[in-house]
Amino acid sequence: MIKVCKFGGTSMADGMNMLRIKKILEADPARRYVVVSAPGKRYGGDSKVTDLLYETAREVKETGHVGDAFARVASRFRSTVRELGLDFEIDALLSETASAIERDPSADFVASRGEYLAGRVTAAMLEIPFIDARNVIKFANGRLDAPRSYALVREALKGLRRAVVAGFYGEDENGRVKTFSRGGSDVSGAIVARAVGAQLYENWTDVSGFLACDPRIVANPVGIDALSYKELRELSYMGANVLHSEAIFPVREADIPIRILNTFRPEDKGTAILPVSKYRPDGRTVTGIAGKKNFTVIYLEKSLMNAEIGFAHRVLTVLAQHGVSFEHMPSGIDTMSFVIDSEELKDGVLEQICEEIRQAVRPDKMNVFADIALLAVVGHGMNRTVGTSARLFQAIARAGVNVRMIDQGSSELNIIVGVDNENYDRTVKAVYEEFFGRGCA
Ligand code: ASP
């Protein structure tokens, strides 16, 4: 039995927390391979080491030398090593790292040093080998080269009973360090799990798994015991921030379950994420609710749009030419809407896109709605339960909220509802109450 354990930033934040990691690993000999994040925040208002490193990259670009931000990084690693009482040459490693950063101040390289240093210290604490992710996780054309990475990780870990692998980064075809997007150590953990054929990928974090909705909006929402990979993808893409939304791809190919666990409450059972084949829904209609604010909807109307071949294609070409991706595209016979993250439309991009769409498809009407929030109601249970959408929309109506947009994925796994930003919290509360309130299923 092999378990791969990934520990997030809070678990790595200081020596005390890292000792918890040691205990967790000692409690189960199957926990053989460990993937680590850079140290995160120790308390509210503290900085994540990764953020300090991005700051370091800016400092070095401006002055040619590491400055205050790197000094803070260094002092965190020094105190962790001291707290752990390790006989480890941290000063030498830090000055070597500072010189390497001054030679290569690219944001990716500098940011990756958080996981690199964290991995070195963890390996020293556990007295097991350290694997530099740059040698085993490879990118090609800007994307993960999965087959090559699996083979290299497998080769590097062959014959090692236990090892620590640095999360978050790898190396591209030109030999330069490249990172995943933020939170990417989750992806590294999944790659290692897939490469060694683990039976379980344990993702240790600072919460006891997924909750049915955002606890900042609803106090003490119920926890989710089990999710399918598909439900996870929907929820994490829509803002449930427990796991990187790309972390499932490597493990999904090999049906490796993930378990989200809490380093600070290791006895909690957390959330299991399972392939659909092994997933037994617990009878609930809705598994979870997630959402995000700040979308823009471009609404187009044109008589006989249905018969106009290539209409959507022409609009999408305009978006593609601006490098803008769309989230949803609800349509009617003579109407079509494009829902886009407002971030992508800043600095005049929206106005330019609208003008080009006007020229490309000559719509009868074109409206732009800004400040829209999207709410995703997710659950396999919805496709076998009659009346789910009626319940959903009645609940939203009772809350006095006007629905601006509806999109139901063809898998019937989710229903997306668009409301004004200002009504978002009210809508989440109403929907939660409807499907999870006392006595509901
Ligand atoms: N340290 C990186 C970040 O803060 C990656 C990670 O923690 O997964 O995004």
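The values are calculated or read from the model by the stated rules, or taken from the named source; none is laboratory data. Being a predicted model, the structure only gives us computed values, none of them experimental. Heads up, the Cβs are rebuilt from the backbone with ideal geometry, glycines too, and the neighbour counts pull from every protein chain shown. Heavy atoms of the whole protein, side chains included, go into the accessibility calculation; ligands, DNA and RNA do not. Shrake-Rupley method; radii C 1.70, N 1.55, O 1.52, S 1.80 Å.
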Please give the helix 424-436 orientation as an angle from the longest Cα principal axis of the chain, in degrees from 0 to 90, rounded to the nearest 10. 90
Using a Förster distance of 25 Å, the FRET efficiency for I333-R398 (Cβ separation, nearest 0.05): 0.25
Residue separation times 0.36 nm, minus the C-alpha to C-alpha distance between S79 and K61: what's the value? 3.8 nm
On C-alpha positions alone, give me the angle between the axis of helix 185-196 and the longest principal axis of the chain, in degrees, nearest 10. 70
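For the chain, what is the charge dipole size about the Cα centre, in debye to the nearest 20, if Lys and Arg each add +1 at the Cβ and Asp and Glu each add -1 at the Cβ?
Working: 56 positive and 58 negative charges, 271 e Å.
Using Cβ point charges on Lys, Arg, Asp and Glu, the chain gives about 1300 debye.
Assuming a ≥ b ≥ c are the square roots of the Cα gyration tensor eigenvalues, decide whether segment 1-71 counts as rounded (a/c under 1.5), prolate (otherwise, with a/b larger than b/c) or oblate.
Note, shape of segment 1-71 comes out prolate.
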Grab the Cα-Cα distance for K346 and I309, subtract it from 0.36 nm times how many residues apart they are, and report the gain in nm with one decimal. 10.3 nm
Exposure of C354 as accessible area (Å², to 10), given a probe of 1.4 Å and all protein chains: 10
Just the C-alpha atoms of the chain: what Rg/Rh do they give, with Rh taken as the Kirkwood radius? 1.01
A 1.4 Å probe over the protein heavy atoms gives the chain a carbon and sulfur accessible-area percentage of 47
Would you tell me the accessible area of R404, worked out with a 1.4 angstrom probe on the heavy atoms of the protein chains, in Å² to the nearest 10? 90
Pop a pseudo-label 7 angstrom from the Cα along the beta-carbon direction at both A107 and E301 and give the gap in nm to one decimal. 4.1
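Between D425 and D91, what is 0.36 nm times their sequence separation minus the Cα-Cα distance? Round to one decimal in nm.
Taking D425 through D91 to full extension adds about 115.4 nm, to one decimal.
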Accessible area (Å², 1.4 Å probe, nearest 10) - K61: 130
Solvent exposure ordering (accessible area, 1.4 Å, most first) of Y279, Y54: Y54, Y279
Beta carbons within 10 angstrom, averaged per residue: use that to sort the peptides 244-255, 361-372, highest first. 244-255, 361-372
Specify the angular offset, from 0 to 90 degrees and rounded to the nearest 10, of the alpha carbon long axis of helix 49-63 from the longest principal axis of the alpha carbons in the chain. 80
Between Q359 and R265, what's the calculated FRET efficiency when r is the beta-carbon distance and R0 is 35 Å? Round to 0.05. 0.05
